[in-house]
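A short reminder: the numbers here are calculations on the coordinates, not readings from a lab. What you see is a predicted model; the values in this text were computed from it and never measured. So basically every Cβ, Gly included, is an ideal-geometry build from the backbone, and we count neighbours across all protein chains shown.
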Amino acid sequence: MEVKIMTENQMLERIVINPKVLVGKPVIKGTRLSVEYILGLLAQGATFNEILQEYDGLTSEDIQACFLFATKSLESIVFMPLAGELT
């Protein structure tokens, strides 16, 4: 699998937010595949190759863009422990 070197901005341009598509959830440009959905597939054990085989036109850079988008989205979030985790 060939990996292209892209800037963060180029990667993030692959993710779009449009209130008319999936109620404004971030999606991979030109698809109805949300960042949340792709990351969920990976979290459940799907591989890059399995996802790429299932969704024609999707590229490994699109999946990498989902990771970058999630990373950037979490940079300004402060996490508080759940009530059950307080000691």
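Quick notes
- Each of Ser60, Ser73 has some number of other Cβ atoms within 10 Å of its Cβ, and from fewest to most they run Ser73, Ser60.
- Loop-resident sites, region 49-82, for chymotrypsin sites (Phe, Trp or Tyr not before Pro), counting at most 10 other Cβ within 10 Å (DSSP): Phe79
- Estimated from helices alone, the mean residue ellipticity of the chain at 222 nm is -11500 deg cm²/dmol (sum of -39500 (n - 2.57) over DSSP H runs with n ≥ 4, per residue).
- Whole-Hz ³J(HN,Hα) from phi, Karplus 6.51 cos²θ - 1.76 cosθ + 1.60, for region 26-33, glycine and proline x: x, 10, 6, 3, x, 9, 10, 8
- Residues in region 35-40 carry Karplus couplings, in order, of 4, 4, 5, 5, 5, x Hz; the curve used is 6.51 cos²θ - 1.76 cosθ + 1.60 with θ = phi - 60°, and Gly or Pro positions show x.
- Cα long-axis angle, helix 60-74 against the chain (0 to 90 degrees, to the nearest 10): 20 degrees
- One compactness figure for region 2-78 is 1.07, namely its Cα radius of gyration divided by 2.2 N^0.38 Å.
- Candidate aspartates and glutamates - alpha carbon under 12 Å from Lys25, same-chain residues fewer than 8 apart omitted: Glu36
- Here the extension length gained between Lys25 and Leu52 equals 7.6 nm, from 0.36 nm per residue of separation less the Cα-Cα distance.
- Estimated dipole of the chain in Debye, rounded to 20 [Cβ of Lys and Arg +1, of Asp and Glu -1, Cα centre]: 340 debye
- Extension gain from Ile17 to Ala70, taking 0.36 nm per residue of separation minus the Cα-Cα distance: 17.7 nm
- Exposed trypsin sites (Lys or Arg not before Pro) absent - longest run of the chain, DSSP non-H/G/I/E/B, at most 10 other C-beta within 10 Å: 33-87
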